[in-house]
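Below: the structure, in structure tokens.
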Amino acid sequence: METVEQVKRTLLQMGMLLVFFIPFAIAFQMLPQEGLIAFMVIAILLSPIAVYCAVVNHRERINAKSAWILNTSYKQPRCNLIHVELETSTGKKVLWRQNPNEIDFSDTASDKVLSYLICE
């Protein structure tokens, strides 16, 4: 599910691409006649868009917060279904769409619950 900010950002990126479409069309018309000039025009117009998209994606990854809840209380969440991250003898394991009543949240469990994500 996308947030309003993500939708606005996507629309802004699409708008920027549309604004720069006309110079690209002109550059592609010049391509058979002046290949090097057309290539340079395309590269100059494309680089700010690429840098902008890279910066936006980097900021989004930095500001993203995990919805997974660390298991610190050893209590079962009150919900219908959860995704569970367990620490097993072979390593970490994720169980998808599990009933919380079927998972052992106690400290003495053979597979300790590291975190969980409420999905329903």
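The values are calculated or read from the model by the stated rules, or taken from the named source; none is laboratory data. From a predicted model like this one, the values you see are computed outputs, not experimental measurements. Please note: Cβ atoms are built from the backbone with ideal geometry, for glycine as well, and neighbour counts cover all protein chains shown.
Every residue, every condition in (1) modelled with pLDDT of 70 or more; (2) part of a helix (DSSP H, G or I), yes or no:
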{"residue": "Glu2", "(1), (2)": "no, no"}
{"residue": "Thr10", "(1), (2)": "yes, yes"}
{"residue": "Met14", "(1), (2)": "yes, yes"}
{"residue": "Phe28", "(1), (2)": "no, yes"}
{"residue": "Ile49", "(1), (2)": "yes, yes"}
{"residue": "Arg59", "(1), (2)": "yes, yes"}
{"residue": "Arg78", "(1), (2)": "yes, no"}
* Asked: Between a first residue in the range 72-99 that is farther than 13 Å from Val113 by Cα and a second residue that is of a type in the set (Lys, Arg) and not in a loop (DSSP other than H, G, I, E, B), which pairs have beta carbons less than 9 Å apart while being 6 or more apart in sequence or on different chains?
  -> Leu81/Arg97
* In the range 31-40, is there at least one residue being at pLDDT 70 or above and either in contact with a Ser or Thr (Cβ under 7 Å, 6 or more places away or on another chain) or loosely packed, with under 12 Cβ neighbours inside 10 Å (or both)? -> no
